[in-house]
Amino acid sequence: MINFIWTIIAVISVLLLMPASNADAAMNYSSGSPTLSDIWVDPSNGSDSNTGAGSTEALKTLTRAWDLIPQGSNLTITGYRINLLPGSYPCEPGPEADNCINYFSDRLGTYEFPIIIRAYSGPGTATIRGGLNIHNVRYLYLIDLDLAGGAPLPTNSSGNNLLHLSGGDHILLKGLTIAGPACDNDICNNLQEVLKVNQTQHLYVEDCTIGGAWHSSVDYMVVQYGHFLNNRVHTAGQWCMYIKGGTSYLLVEGNEMYGCQLGFEAGQAANFAVMTSPWIHYDAYDIRFINNILRDIPGVGLSVAGGYAILFAHNTLYRVGVSASNGYGLLHVIHGERNCTATDELPDPVAQCAAHIGAGGWGPNFLTDSVAIVPNRKVYVYNNIFYNPPPAQTLYSHFTVEGPLNPPEGFQNFPSPSNTDDNLVIKGNIVWNGPAEHPLGIEESDQGCRPSNPTCNAVQLRTDNTINEVEPQLMNLSDNNFRPLPGSNVFSASIYTIPDFTWSDSPEAPPVPAGNTVNRIEKDRDSHRRTDPGPPGAYTRSLCSSPATLSPDLRLHLPVVMLAGKYYWADMSLVPGTANFLLTNAGELQQQDRYTACPSSTLPVISPDLRLHMPSVTYDSSSYWADLQYAEGLIFMLVSGGAQ
């Protein structure tokens, strides 16, 4: 019988590798089945005079292992997997105090033949001191590594980033801990950013912990395509994460951001000269920020500054914007900034700025520092929870929406006026913040969302959102458990289906490739399937009250099911003309320890005799219980059930 249980687990593992559908878009990067040659490195017992071909022939340094990978052209015979055995890897070539470089470049993997650097024994076993500076590398996968740096530890040749990526393509960061000093100011911390990425495409960041900078923990500049999933981002003197410079086509989902001065911003300030065509108008395009938790952030929680097609939906924000020193709001919708300034690589930037203008880009045609002028278009803020428990509150208003600006002389091709609120929609949000009469942040004549704006105005904001009417009833705030209580008032709040984006009003010269216009969010942060659109916030239910649902088309969805001591989600469909259900999709739930405190009587469970017991199944607004018996293959047979 135990063998049958492991058979089912194996089936679930296979289902995890199935291609993503539209309904399950937030799936991890799939590396396929690459061809690989192993290289072994051991910092304690290895020698760079060894071959590196096995653990007993391990090299001593990562530099020597990197040198064994052919450079300058695409790999065509084999990829390479560098296995780092347990230990601490000093910054190379050393000595660390005055010669910490850790620079790795010019290796061109492919999907079939990638380059992998991994901690062979798993997370927490291999620490790279000083971090990494990586340039012009393709199909590179960093897995389960710990990167440690920043004073008093060494820092790589980037100077002030712990992990610096530039000029890359198809980069996977998975299971990393990227840890700078545990402080957020430049008196005790010399890291400007922890993860800094420039001019890179197809970047996938999953299940990482990133924090410890005097400026920002995550900074993307000119990054297109990828995702940022299920990460923990913390401890920064400014942003937990911000993206700019034409960064586009990015899904940011399931993350927790905390302990930074500011939360997340799409757009900001960009040097026009280093932007990449055709993304030379807005600072950010097609950014979907969904199912995230932002907590304990003194400054603004969410901000867009020069964005096109930006979605902030189904996030939960707790204790944000509460600093009295700067008067932040919960949400800022403001202009992005644009400049034309010299860099080490581009000491005379004006020619490049002029070339971008000639192609239709928006920017200055002369040397200048940043000026706030980049507009927004199509910013959707739907079905979030903004919760500041008293006495915490924003100082002046709930929101900040800037009014129109006229482009200064020399700033070419910008819309005039430059608006922040063209097709800005803020709907379905629960806001609990300050007194009942707390201003919206659009009352003054020089602010946005004026009465003439059909999509955002004072009457619409108060009608389409639940503002200071109900204090959200959530599970356990002291334990940062922001799931709704059973019967919580969040279930009765007004919510709205999120409309899809269009791309028809995107800039035409040069034309920008269309992004993902579909805004339907199928699952919550716990991977529970949402009804459309579901309650506001990142979660749809309390952790332990996760009933199965049988849809009108007889599809059975189990948000959580316990099997052999672990927790999964599963989908089944009724086999026509039978009482049998076919297992069609399944996956292991994130953060398994969340579920261990749940009474077993509240969760569906597959018992050792392979019976699936569901204490609660919802169908057509009624509740039932049901038992299914495993038969064979992927089939479960209904054997008993009844109304509750």
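A few points about this structure:
- Relative counts (whole %) of C-alpha pair distances in the chain, using bins that are 10 Å wide: 3, 15, 24, 25, 20, 11, 3, 0
- q = 0.13, 0.17, 0.21 Å⁻¹, the stretch 213-342: log10 I(q)/I(0) [Debye, one scatterer per Cα]: -0.47, -0.81, -1.21
- Farthest positive-ward along the stretch 141-211 dipole, Cα basis, beta-carbon charges - from PRO181, GLY168, VAL205: GLY168
- Kirkwood-Stokes translational diffusion coefficient of the stretch 128-225, alpha-carbon pairs, 25 °C, 0.890 mPa s, µm²/s: 189 µm²/s
- Put a dot 7 Å past the Cα of TYR111, heading toward its Cβ, do the same for TYR619, and the two dots end up 4.1 nm apart.
- Two-decimal ratio, the stretch 296-395, of alpha-carbon radius of gyration to 2.2 N^0.38 Å: 1.42
- Rounded accessible area per residue of the chain, 1.4 Å, Å²: 38 Å²
- Carbon + sulfur, % of accessible area of the chain - ligands and nucleic acids excluded, 1.4 Å: 53 percent
- For the chain, calculated [θ]222 nm from helices alone, where every DSSP H run of n ≥ 4 adds -39500 (n - 2.57): -1500 deg cm²/dmol
- Each of ILE297, HIS234, PRO559 was placed along the dipole of the chain (beta-carbon charges, centred on the mean Cα), and the one lying farthest toward the positive end is PRO559.
- Placing a label point 7 Å from the Cα of ASP479 along the Cα-to-Cβ direction, no residue of the stretch 270-312 has a backbone N closer than 14 Å.
- In straight-distance terms, cross-link reach from LYS196 covers every one of the lysines whose alpha-carbon lies under 21 Å from its own, apart from those fewer than eight places away in the same chain; here that gives LYS174, LYS244.
- Straight-distance crosslink candidates among aspartates and glutamates, where the alpha carbon sits under 19 Å from LYS378 and sequence neighbours closer than 8 are dropped: GLU265, ASP283, ASP286, GLU337, GLU402, ASP421, ASP422, ASP464, ASP500, ASP505, GLU508
- 16 Å Cα-Cα reach of LYS60 towards lysines, excluding residues that sit fewer than 8 places from it in its own chain: none
- Across all directions, the average projected area of the convex hull around the alpha carbons of the stretch 81-149 is 4.6 nm².
- Evaluated over the stretch 307-462, the Cα radius of gyration and Dmax, each in Å: 18.1, 54
- DSSP bridge analysis restricted to the chain gives an antiparallel fraction near 25%, rounded to the nearest 5.
- Within-15-Å neighbourhood charge of LEU628 [Cβ basis; K, R +1; D, E -1]: -2
- Nearest-20 debye value, the chain charge dipole, Cβ charges on Lys, Arg, Asp, Glu: 1040 debye
- Legend: calculated FRET efficiency, THR455 to PHE491, from the Cβ-Cβ distance at R0 = 30 Å, rounded to 0.05, equals 0.70.
The values are calculated or read from the model by the stated rules, or taken from the named source; none is laboratory data. Not measured: the values here are computed from a predicted model. Neighbour counts run over all protein chains shown; Cβ positions are idealised from the backbone, glycine included. What goes into the accessible areas is simple: the full protein's heavy atoms, side chains included, and nothing from ligands, DNA or RNA. Shrake-Rupley method; radii C 1.70, N 1.55, O 1.52, S 1.80 Å.
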